[in-house]
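The values are calculated or read from the model by the stated rules, or taken from the named source; none is laboratory data. Model, not experiment: these values are computed from the prediction. Cβ coordinates were reconstructed from backbone atoms using ideal geometry, including for glycine residues, and neighbour counts include every protein chain displayed.
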Amino acid sequence: MPETLIRPYRTADRAALFEIGGDTALFGAPIEAYLDDRRIFLDSFYAYYTDYEPEHIWIAEVDGQVGGFITGCTDTATQERITRQKLMPVVWRRALTFQYRVGWKTLGYIYRMIRTGLLHEYPEVDLSEYPAHLHINLRANCRGLGLGKGLMQAWLDQLRELGIKGVHLGTTDQNVAACKLYEKMGFEILAARKSRMWGRLVDGPVEIRTYGRRIE
Ligand SMILES: CC(C)(COP(=O)(O)OP(=O)(O)OC[C@H]1O[C@@H](n2cnc3c(N)ncnc32)[C@H](O)[C@@H]1OP(=O)(O)O)[C@@H](O)C(=O)NCCC(=O)NCCS
């Protein structure tokens, strides 16, 4: 059996976290199926957690290597504001100065993202009840070792210590193992909507789900 450990994040973990984040973003598989340049996703999405809320990230180590992570946020409204005001201007500047590869995959993705928003296919969440959120991802060869449960428990314990009322997360019915993990850890589906966000990458519509859990 490999040696495993759940520990707090360190700044030196950033590159490994970004690599795993990109390698697992499409229902556990690499993001390149729908984006030409993973840096667009990492700079606009994961940079918030590593650069603004690193004290709420937990790392799963397997035989001394970073095998996965849970990135946490205690106040989703603040995360959305910082992403809009601080991260997105950087992403736009890099895009407009040709620092990213932008091809048809990326343009198609942006189009589908806007369409999904206009069709109200992203389930809403009551942030006054579930202010915190999380993202959890493990390398393919580090799954099924109990690390998902370990990471989740570390974040739930931290939220309890901080006195946070509730936590939510977004996923899809394609993330089968993840949905099982969430239900096992006491989360319930708060809202679910069918969406064609992922286009032809998946047969038929995908169900986007919001799960939530109160912290007692
Ligand atoms: C989801 C994920 C974090 C789970 O972590 P994990 O370490 O593999 O899960 P654990 O070993 O802790 O198992 C926890 C529970 O999840 C469920 N589970 C785990 N793997 C499963 C699988 N392949 N199929 C079905 N259920 C599974 C089981 O209920 C399990 O509990 P049990 O062992 O008591 O039966 C991991 O599989 C992963 O990173 N997947 C790809 C990325 C992803 O989908 N992230 C979530 C995005 S929303």
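Here's the yes/no breakdown for (1) more than 12 Å from the ligand (Cβ to nearest atom); (2) surrounded by fewer than 21 Cβ atoms within 10 Å (Cβ to Cβ):
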| site | (1), (2) |
| --- | --- |
| Ile136 | no, no |
| Gly148 | no, no |
| Leu151 | no, no |
| Thr172 | no, yes |
| Leu181 | no, yes |
| Ala192 | yes, yes |
| Arg196 | yes, yes |
| Gly199 | yes, yes |
Every listed condition ((1) modelled with pLDDT of 95 or more; (2) surrounded by fewer than 19 Cβ atoms within 10 Å (Cβ to Cβ); (3) farther than 23 Å from Glu207 by Cβ) holds for Leu127 save (3)
message = Taking the criterion of being within 16 Å of the chain's Cα centre (by Cα), hydrophobic (A, V, I, L, M, F, W, C) and surrounded by 13 or more Cβ atoms within 10 Å (Cβ to Cβ), would at least one residue in segment 65-72 satisfy it?
response = yes
Checking Asp75, Asp36, Asp63, Asp23 in turn, the sole residue that is at pLDDT 95 or above, within 16 Å of the ligand (Cβ to nearest atom) and within 24 Å of Ile208 (Cα to Cα) turns out to be Asp23
Residue set Thr83, Thr116; condition under 16 Å from the mean Cα position of the chain (by Cα) and polar (S, T, N, Q); output residue Thr83
Subset of segment 96-116, residues surrounded by 11 or more Cβ atoms within 10 Å (Cβ to Cβ) and modelled with pLDDT of 95 or more, comes to Gln99, Tyr100, Arg101
Filtering segment 102-134 down to residues that are farther than 29 Å from Asp36 by Cα and either among the hydrophobic types (A, V, I, L, M, F, W, C) or within 12 Å of the ligand (Cβ to nearest atom) (or both) yields Val125, Leu127, Ala132
Taking segment 201-216 and the residues there that are over 19 Å from Gln153 (Cβ atoms) and buried (at least 18 other Cβ atoms within 10 Å of the Cβ), the one that is modelled with the lowest pLDDT would be Val206
